[in-house]
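**Student:** Supplied in structure tokens, the structure appears directly below.
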Amino acid sequence: MMLKVALDAFRAEFIEKFPKEKAAIMQCATDALAVEFQTRQLLQVGDIAPDFRMPNAVGKKIRLSEKLKEGAVILTFYRGGWCPYCNLELRAYQKLLPQIDELGASLIAVSPQTPDASLSTAEKNDLEFDVLSDVGSKVAEAYGIAFTLPDELKALYTELGHPLPDTNGTDDWMLPIPATFVIDQNQRVILAHVDVDYRDRLEPSQVISVLQKLQIPEAA
């Protein structure tokens, strides 16, 4: 099943059950974020991707530049394991992991969650790729996609059982805009997808198509 089909199905079910006044708060925040990001300087195709070093779910430090020695990297930022849209996306990538491996690439997912929370996300979704913890959202800031939730969303998320400080280990209430980048072995961005609407995600098959165009010796 295409990721979009799964996302749209969940979205339709959510809209049907979720109180309209609370949905309006979330939509208003998304609209405001879209205005804010119109002036953001986001990474573009051809840019050098910022290097980073972050712990994975079991505490091992992963550096982007080291992973690139093995092949291209798919880097996807997600909000957290509490986000159902993120879980659908992560599971979609897991299904394509054999193809990604065959193309000589690797997959890295990043959220602001603590390593313990990232481990829970990995276990819940049976993920076999690196799930890294960007505690404090420093890497998301370097990639230009970090933002702070407005007060009305802080209150709503807390009411819904998602107080971000509990899973992120900080008090800043920062999240990344869901974003996906494909980075070649020269550390250049060859695909960049950023969408302020967290309900919309890049179709993973588009990532596969980009990887197939690369001249990767392991995939020859």
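**Student:** Quick one: how many residues across region 136-149 are touching a strand residue (DSSP E or B) at 6+ places or on another chain (Cβ under 9 Å), small (Gly, Ala, Ser) and surrounded by fewer than 16 Cβ atoms within 10 Å (Cβ to Cβ)?
**Tutor:** Total satisfying the criteria: 1.
**Student:** On to the next question. Which fully enclosed helices (runs of 4 or more DSSP H) of region 27-135 have 2 or more residues being free of Cβ contacts under 8 Å to residues at least 40 places away in the same chain and crowded, with 17+ Cβ neighbours inside 10 Å?
**Tutor:** Because the criterion is at least 2 residues that are free of Cβ contacts under 8 Å to residues at least 40 places away in the same chain and crowded, with 17+ Cβ neighbours inside 10 Å, the helices (runs of 4 or more DSSP H) in region 27-135 that meet it are 84-102.
**Student:** Something else about it: Does region 25-35 contain any residue that is over 18 Å from the mean Cα position of the chain (by Cα), within 28 Å of Asn186 (Cα to Cα) and of a type outside the set (Lys, Arg)?
**Tutor:** Checking region 25-35: not a single residue is over 18 Å from the mean Cα position of the chain (by Cα), within 28 Å of Asn186 (Cα to Cα) and of a type outside the set (Lys, Arg).
**Student:** So which residues in region 150-197 are part of a loop (DSSP other than H, G, I, E, B), touching a Phe, Trp or Tyr at 6+ places or on another chain (Cβ under 9 Å) and within 30 Å of Ile100 (Cα to Cα), if there are any at all?
**Tutor:** Ile177, Pro178, Val196
**Student:** Could you check, for region 27-41, whether at least one of its residues is at pLDDT 95 or above and touching a helix residue (DSSP H, G or I) at 6+ places or on another chain (Cβ under 7 Å)?
**Tutor:** Checking region 27-41: at least one residue is at pLDDT 95 or above and touching a helix residue (DSSP H, G or I) at 6+ places or on another chain (Cβ under 7 Å).
**Student:** To continue, here is another question. Condition first: out of contact with any helix residue (DSSP H, G or I) (no Cβ under 8 Å at 6 or more places or on another chain) and not charged (D, E, K, R). Now tell me which residues in region 105-135 satisfy that.
**Tutor:** Pro115, Ser118, Leu119, Ser120, Ala122, listed by residue number.
**Student:** Conditions: (1) over 15 Å from Gly81 (Cα atoms); (2) touching a Cys at 6+ places or on another chain (Cβ under 9 Å). Ser205 meets all but one. Number of the miss?
**Tutor:** If we test Ser205 against (1) over 15 Å from Gly81 (Cα atoms); (2) touching a Cys at 6+ places or on another chain (Cβ under 9 Å), just (2) comes out false.
**Student:** Those residues that are without any contact (Cβ under 8 Å) to a residue 12 or more places away in the chain and hydroxyl-bearing (Ser, Thr, Tyr), I need them from region 142-191; list them, please.
**Tutor:** The answer is Tyr157, Thr158.
**Student:** Report yes if some residue within region 1-12 is in contact with a strand residue (DSSP E or B) (Cβ under 9 Å, 6 or more places away or on another chain) and of a type in the set (Phe, Trp, Tyr); otherwise report no.
**Tutor:** Within region 1-12, none of the residues are in contact with a strand residue (DSSP E or B) (Cβ under 9 Å, 6 or more places away or on another chain) and of a type in the set (Phe, Trp, Tyr).
**Student:** Here is a follow-up. Report whether or not Gly144 is under 20 Å from Asp184 (Cβ atoms) and assigned to a loop (DSSP other than H, G, I, E, B).
**Tutor:** Taking the combined requirement at face value, the residue satisfies it.
**Student:** Continuing with the same structure: What single numbered condition from (1) out of contact with any strand residue (DSSP E or B) (no Cβ under 6 Å at 6 or more places or on another chain); (2) more than 26 Å from Val35 (Cα to Cα); (3) among the aliphatic types (A, V, I, L, M) fails to hold for Leu132?
**Tutor:** Only one criterion in (1) out of contact with any strand residue (DSSP E or B) (no Cβ under 6 Å at 6 or more places or on another chain); (2) more than 26 Å from Val35 (Cα to Cα); (3) among the aliphatic types (A, V, I, L, M) is unmet by Leu132, namely (1).
**Student:** Just need a number here: residues in region 1-13 that are surrounded by 13 or more Cβ atoms within 10 Å (Cβ to Cβ) and touching a residue at least 40 places away in the same chain (Cβ under 8 Å).
**Tutor:** Looking only at that region, the number is 6.
The values are calculated or read from the model by the stated rules, or taken from the named source; none is laboratory data. Every value quoted in this text rests on a predicted model; they were computed, and no experiment measured them. Don't worry about glycine lacking a Cβ; one is built from the backbone with ideal geometry, like all the others, and counts go over all protein chains shown.
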